[in-house]
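The values are calculated or read from the model by the stated rules, or taken from the named source; none is laboratory data. Being a predicted model, the structure only gives us computed values, none of them experimental. Positions of Cβ are backbone-derived with ideal geometry, glycine not excepted, and every protein chain shown enters the neighbour counts. Accessible surface areas use protein heavy atoms only, side chains included; no ligands, DNA or RNA. Shrake-Rupley method; radii C 1.70, N 1.55, O 1.52, S 1.80 Å.
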Amino acid sequence: MVVVGGITRLTHSGLSIVEWQPIVGALPPLDDGAWQETFRKYQETPQFRQLNPDMDLAGFKRIFWWEYTHRLLGRLIGAAFLLPLVWFAARGRISRELTWKLAGIFFLGGLQGAMGWYMVQSGLVDNPRVSQYRLAAHLALALLIYAAMLWIALGLLFSRDASPTPRPRSFAFVLAGLVFVMAISGSLVAGIRAGLAYNSFPLMNGYVAPPGMFVLEPWYLNFFANVATVQFDHRLIAWALAALVPWFWVRVRRASVSRRAKLAAHLLLGVLAVQIALGISTLLLAVPVPLAAAHQTGALVVFTAALLAAHALR
């Protein structure tokens with residue numbers, strides 16, 4: 001779901017469906033008349049008028065199917081989650097505590113659908129781009145839902161380690177939080193297309209900190225809307241993780257912890273190295289869609305590894 005959402009954004013497909021119909025919208029256009037009507041509604045959007053005035057129906061279908069697939073996946077996930085939950089809860093097969101936890105995740109899933117439409121709405125007005133703030137909120141909620149599902153699953157699979165040996169538990173939670181922040185900063189980079197600027201590494205067009213990082217007023221807007229500042233922040237978090245994760249790996253190796261914790265630390269170190277390489281490649285090549293999609297996928301993999309480590313050390 002996250003990967004398809006990333007490709008939908010990268011191919012500028014997210015504004016192709018201009019209505020939110022949770023039930024009726026499950027079916028795509030089924031005949032030529034329906035396709036023409038759907039295309040006509042898209043032609044009234046700022047994205048078509050300003051960016052795609054020469055697009056024909058065949059071109060529209062290419063972007064439509066990405067957005068439709070993303071929304072359809074959301075509906076399928078909701079059904080695959082809710083129906084078994086109701087069945088198992090009604091039959092007393094899961095505890096009341098677990099039922100409430102899973103019901104909370106389902107509520108977040110519904111909220112995520114509403115957030116997705118709220119994000120799309122921001123691109124259907126004057127500016128044919130979605131708000132980077134709503135994009136960041138949409139991704140943050142996706143990561144929270146994913147983290148909650150993974151954490152509950154791990155809790156069902158593995159018992160808590162009662163060993164009194166001191167361990168780098170807090171360090172693992174800090175890393176998981178920092179990876180989360182890095183992913184959200186990446187959504188700001190994507191939202192304002194900051195990856196299309198400063199396509200050099202390790203310096204930013206010859207600068208450690210490029211000029212113009214605080215030209216917007218009030219000053220705090222630079223952290224969310226200034227191309228130079230947003231990209232600098234994303235790089236800075238990556239550098240921090242590049243220093244902290246090897247340190248964490250050394251501490252886990254030296255500590256008396258479970259084999260699962262050591263494996264999670266190995267995984268975190270390895271996938272972070274791959275993710276940094278993907279990020280540099282994506283930047284140097286000016287954000288090609290396959291690499292950018294792989295980079296967003298990598299963020300989720302790194303987040304997973306950090307959560308695995310935190311859970312193994314809890």
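Taking the average, over residues, of other Cβ atoms within 10 Å as the packing measure, peptides 267-273, 209-215 rank 267-273, 209-215 from highest down. Label point of Met149 set 7 angstrom out along Cα-Cβ; within region 290-306, amide nitrogens under 15 Å from it belong to 300-301, 304. Label-to-label distance for Val208 and Lys262 is 3.8 nm, based on points extended 7 Å past Cα in the beta-carbon direction. Return the loop-located GluC sites (Glu not before Pro) in region 1-81 (DSSP other than H, G, I, E, B) with at most 14 other Cβ atoms within 10 Å of their own Cβ; answer none if there are none. Passing sites in region 1-81 are Glu19, Glu44. With N the number of residues in region 1-101, Rg(Cα) / (2.2 N^0.38 Å) evaluates to 1.42. Label-to-label distance, Trp100 versus Asp32, with points set 7 angstrom from Cα along the beta-carbon direction: 5.9 nm.
Taking amide hydrogens as placed 1.01 Å from N in the peptide plane, the amide H of Met55 sits under 5 Å from that of no residue at least 5 positions away in sequence or on another chain. The residues of the chain expose on average 53 square angstrom of accessible surface per residue, using a 1.4 Å probe on protein heavy atoms.
Divide by every residue of the chain the summed helix terms, -39500 (n - 2.57) for each DSSP H run of at least 4, and state the resulting mean residue ellipticity at 222 nm, rounded to the nearest 500 deg cm²/dmol. -23500 deg cm²/dmol, from helical runs alone. A simple packing score, the average count of other Cβ atoms within 10 Å per residue, orders the peptides 21-34, 181-194 as 181-194, 21-34, with the highest score first.
Of the chymotrypsin sites (Phe, Trp or Tyr not before Pro) in region 111-163, the ones in a loop by DSSP (not H, G, I, E or B) with at most 15 other beta carbons within 10 Å are Phe158. Straight-line cross-link partners of Lys41 among the aspartates and glutamates, defined as a Cα under 17 Å from its Cα and at least 8 positions apart when in the same chain: Glu19, Asp31, Asp32, Asp54, Asp56, Glu67, Asp126.
For the pair Arg62 and Leu284, a Förster radius of 25 Å applied to the C-beta separation gives a FRET efficiency near 0.40, rounded to the nearest 0.05.
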